[in-house]
1. For the subset of region 35-58 comprising residues that are in contact (Cβ under 8 Å) with a residue 40 or more places away in the chain and out of contact with any helix residue (DSSP H, G or I) (no Cβ under 8 Å at 6 or more places or on another chain), which member is nearest to Asp157 (Cα to Cα)?
2. Tally up the residues in region 178-198 that are within 16 Å of Ser154 (Cα to Cα), of a type in the set (A, V, I, L, M, F, W, C) and crowded, with 21+ Cβ neighbours inside 10 Å, please.
3. Of all residues in region 164-177 being out of contact with any helix residue (DSSP H, G or I) (no Cβ under 7 Å at 6 or more places or on another chain) and under 22 Å from Asp201 (Cβ atoms), which is surrounded by the fewest Cβ atoms within 10 Å (Cβ to Cβ)?
4. Among Pro199, Pro188, which is the only one that is at pLDDT 95 or above, more than 16 Å from Leu59 (Cα to Cα), under 17 Å from the mean Cα position of the chain (by Cα) and not aliphatic (A, V, I, L, M)?
5. Please specify each residue of region 114-137 satisfying the condition of being of a type outside the set (Asp, Glu) and assigned to a loop (DSSP other than H, G, I, E, B).
6. Mind listing whichever residues of region 4-45 are within 18 Å of Ala62 (Cβ to Cβ) and polar (S, T, N, Q)?
7. Quick check on this structure: which one of Thr56, Thr6, Thr61 is crowded, with 18+ Cβ neighbours inside 10 Å, out of contact with any His (no Cβ under 6 Å at 6 or more places or on another chain) and within 24 Å of Asn129 (Cβ to Cβ)?
Amino acid sequence: MRELRTGVWFWQSLHPGWNEQQWWPQLVSSYGIEVRDDFLLFDPLGVPAELQERATAVLLTAPYHERDASRLGLPVYTPPADTWQDWVEKFGVDPERVRGMQSDDLTSLRSGEADGHFHGPGPWPFGINAYAGREDNDLILWLPSISAIVTGDSLSDFGEGLDIQLGGRKHVTRDDVVRRLRPLLDLPVELVLPAHGEPTDRAELERLLS
């Protein structure tokens, strides 16, 4: 764990659900960030005890980044899980194979067993604004109070540097995602905090989106 700047903490953990068939590295990134009177955990896994005791809420950049979120006993703010119709659109799945099926993501939040709050692109609580990446539930969260973005898989480092990650989606191209994310360059972004990979800076964002 290290403090990137005052009130912005970064750590990495080994993902217990990882196997060699995954296209993303086993080591995943999480953040703890002071935002006014709150201390927010982003895509948390293996939260250090000194940060967990300060935390007031969890925010996810994507539903499949649930990680430890539902086990922390905190309100969770997240994009909604995929529906079977989403799988058909995004991956070209035969609808007859998946009709009526439900995602395993966020089950405790969707059932009401945990305190879940579902949001898409646009304004979020805590003064945050969310931008759609490769899809409306894989988001880039803009935190104006610290001039930082926290990014889901759409903009991550899977071992070869920060890049656009489509993850097998068939409904968008790389150019589509770049166009969708280019408004980020109009923001005074200083820190780029990916859910996979090391924190980086505006220069990397400009390299990808210019």
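The values are calculated or read from the model by the stated rules, or taken from the named source; none is laboratory data. Remember, it's a predicted structure, so these values are computed and weren't measured experimentally. Methodologically, a virtual Cβ is constructed for each residue, glycine included, from the backbone with ideal geometry; neighbour enumeration extends over all protein chains shown.
1. Among them, the one singled out is Phe42.
2. Qualifying residue count, region 178-198: 4.
3. The initial filter retains those residues of region 164-177 that are out of contact with any helix residue (DSSP H, G or I) (no Cβ under 7 Å at 6 or more places or on another chain), namely 165, 167, 172-177.
Now drop any that are not under 22 Å from Asp201 (Cβ atoms), which leaves 165, 174, 177.
Details: Gln165: 24, Arg174: 13, Val177: 23.
Among them, the one singled out is Arg174.
4. On the way: Pro188 fails: under 17 Å from the mean Cα position of the chain (by Cα).
Answer to the selection: Pro199.
5. Ala114, His119, Gly120, Pro121, Trp124, Ile128, Asn137
6. Across region 4-45, the qualifying residues are Gln12, Ser13, Gln22, Gln26, Ser29, Ser30.
7. Numbers: Thr56 fails: crowded, with 18+ Cβ neighbours inside 10 Å; Thr6 fails: crowded, with 18+ Cβ neighbours inside 10 Å.
It is Thr61.
One line per residue, one yes/no per condition, for (1) surrounded by fewer than 20 Cβ atoms within 10 Å (Cβ to Cβ); (2) at pLDDT 95 or above; (3) of a type in the set (Gly, Ala, Ser):
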| position | (1), (2), (3) |
| --- | --- |
| Val93 | yes, no, no |
| Ser103 | yes, no, yes |
| Arg110 | yes, no, no |
| Gly116 | no, no, yes |
| Gly122 | yes, yes, yes |
| Asp138 | no, yes, no |
